[in-house]
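All remarks here apply to the structure that follows.
Nothing in this text is a laboratory measurement; each read-out follows from the coordinates by a stated rule. Predicted, not measured: the structure shown is a model, and the values here were computed from it. A quick note on method: Cβ atoms are made from the backbone with ideal geometry, for glycine too, and the neighbour counts reach across all protein chains shown.
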Amino acid sequence: MKAKIAFLHKPFDLRVEDVEVPALKENQVLVQVGACGICGSDVECFEGKSKEGRYDIAPYTPGHEWAGASRASAPASRRSNPATKSRATA
Amino acid sequence: MACGVCRNCKDGLMPSACLNMREAGFRPDSPGGMGEYMVIEEQYVHKVPDNWTYADAAWVETFSIGYFGIWGNGGYIDASDIAIIMGCGPVGVSAMMTAKMSGAKVIVVEPFEKRRAVAEKYGADYVIDPTAVDLVKEVERITDGRMGTVVVEASGNNNAIASLFDVAGHSARVRLIGHSIGRKVPVEIGKTIWRTLSISGSGGTKNFAQRTIRFMSALKEKGVDFGTLNTHYYPFGQIHEAFDVACKLKADAFKVMLTFGVEE
């Protein structure tokens, strides 16, 4: 499955790319993102003012204020909750 | 996102101490949520009530920072406390709501007018513009000289950090949240001794999300609307415009929220 996902390559270089979503590994879930806030620390990383965003091993997908719907889990995962229709955040 | 097997993890230290730490949204090995789909370990996924919007749920991480800043690692607050919150950004307003909901009297210190308005709207008892008045005298006046018993730094601003030591009362708990890493800030550290201050900070927890969801639910039951904290909404396709606003309108853009058109 392909999806549009944003990648930060370097400061001020944010690209939305159409990429293959990685296959789920054990204990991972696939989340369809419903909302994602832009944090002050995202701005600091975007502007190259923070070392928290790891440009040395970039590109990476920003966004730690996300929420969405859990759509699938890896077959081998042990789950305590239903995999679908649960809004999720972390 | 701690590995669980390194020396520090096995020692029970905070996830931020992990020697192999990943961090969702900051590294290629732990992608964040600025995309239509994301893959993440289930241990970091938490169910929220069905009547929440996705934008509400996107506030859980932010709120948890302010909430944990006060209540994490043995912190506490109650109706006997006078809380002073330095900075009313998204984390500051979360700390402010935490303090208020916990029964404390809350003073918010914030130089930007629009953010002082947010503080007032979301329940601050007093708001102070530190650029317009003598901050210490104003806190003395409001508290009848007692000063703050819980002082939360949620701005990262040098002046705010320095003034912590002036507005903290005797035996106050001083909780540091705002980013100032990489800067040395002159402070009157001796007041830590004279006033027997307890100063603490904490970076990264993974066990506060469920509790945060319950606390936010309690706030929502009291009528708190997290949606109105989002001053700007942009569909994901306009992410560049969204970042432009977040970068250039820092005082006005309280929270910029990306949306993805997923049915609520």
**OP:** Compare the Cα positions of B:71, B:238, B:180 along the charge dipole of the protein assembly as shown (+1 at Cβ of Lys, Arg; -1 at Cβ of Asp, Glu; about the Cα centre) and return the one farthest towards the positive end.
**Re:** B:71
Original post:
Roughly how tilted is helix B:60-71, in degrees to the nearest 10 and between 0 and 90, from the longest Cα axis of chain B?
Top reply: 30
Original post:
To the nearest 10 degrees, how steep is helix B:90-101 against the longest Cα principal axis of chain B, on a 0 to 90 scale?
Top reply: 60
Original post:
Along the range B:14-21, what does the Karplus equation 6.51 cos²θ - 1.76 cosθ + 1.60 (θ = phi - 60°) give for ³J(HN,Hα), rounded to whole Hz, x for Gly and Pro?
Top reply: 4, x, 5, 8, 4, 7, 10, 5
Original post:
Using unit Cβ charges (K, R positive; D, E negative) and no other charged atoms, how large, in debye to the nearest 20, is the dipole of chain B about its Cα centre?
Top reply: 760
Original post:
What is the percent of Cα-Cα separations in the protein assembly as shown that go past 31 Å?
Top reply: 33
Subject >> Set B:206/B:250; A:49/B:220; B:206/B:248; A:51/B:222 screened for pairs whose C-alpha atoms are more than 30 Å apart >> reply: A:49/B:220; B:206/B:248; A:51/B:222
Subject >> Structure-based [θ]222 nm, the protein assembly as shown - -39500 (n - 2.57) summed over DSSP H runs of at least 4, per residue, nearest 500 >> reply: -7500 deg cm²/dmol
Subject >> Cβ charges +1 (Lys, Arg) and -1 (Asp, Glu), total dipole of the range B:64-201, debye >> reply: 280
Subject >> Backbone HN-Hα couplings from phi across the range B:221-232 [Karplus 6.51/-1.76/1.60, Hz, Gly and Pro as x] >> reply: 5, 8, x, 5, 10, 6, x, 6, 6, 7, 6, 9
Original post:
By counting other Cβ atoms within 10 Å of each Cβ, how are A:39, B:18 ranked from fewest to most?
Top reply: B:18, A:39
**OP:** Go through A:3, B:62, A:14 and say which Cα lies farthest out towards the positive end of the charge dipole of the protein assembly as shown; charges sit on Cβ, +1 for Lys and Arg, -1 for Asp and Glu.
**Re:** B:62
Original post:
In what order do B:179, B:240 fall by count of nearby beta-carbon atoms within 10 Å, going from fewest to most?
Top reply: B:240, B:179
Original post:
Within the P(r) computed for chain B, what percentage of the Cα pairs occupies the region above 31 Å?
Top reply: 28
**OP:** Can you quote the Å³ per residue value for the convex hull of the Cα atoms in the range B:1-45, rounded to an integer?
**Re:** 75
**OP:** For residue B:152, list long-range residues whose amide hydrogen, built 1.01 Å from N in the peptide plane, is under 5 Å from its own amide hydrogen.
**Re:** B:84, B:85, B:86, B:175
Original post:
If each of residue B:29 and residue A:23 carries a label point 7 Å out from its Cα toward its Cβ, how far apart are those two points in nm?
Top reply: 2.1
Subject >> Total charge dipole magnitude, the range B:1-45, about the Cα centre, Cβ charges on Lys, Arg, Asp, Glu only, Debye to nearest 20 >> reply: 240
Original post:
If amide H atoms are built 1.01 Å from N in the plane of the peptide, which residues on other chains or at least 5 residues away come under 5 Å of the amide H of residue A:74?
Top reply: A:27, A:28
Original post:
Efficiency by 1/(1 + (r/R0)^6): what FRET value for residue B:192 and residue B:241, r their Cβ-Cβ distance, R0 = 30 Å, to the nearest 0.05?
Top reply: 0.10
Subject >> Using θ = phi - 60° and Karplus 6.51 cos²θ - 1.76 cosθ + 1.60, couplings along the range B:179-194 (whole Hz; Gly, Pro as x) >> reply: 6, 9, 4, x, 10, 9, 10, x, 9, 8, 5, x, 5, 4, 6, 4
**OP:** Assuming a ≥ b ≥ c are the square roots of the Cα gyration tensor eigenvalues, decide whether the range B:64-201 counts as rounded (a/c under 1.5), prolate (otherwise, with a/b larger than b/c) or oblate.
**Re:** rounded
**OP:** Give the order of A:1, B:257, B:34, B:21 when sorted by the count of other beta carbons within 10 angstrom, beginning with the fewest.
**Re:** A:1, B:21, B:257, B:34
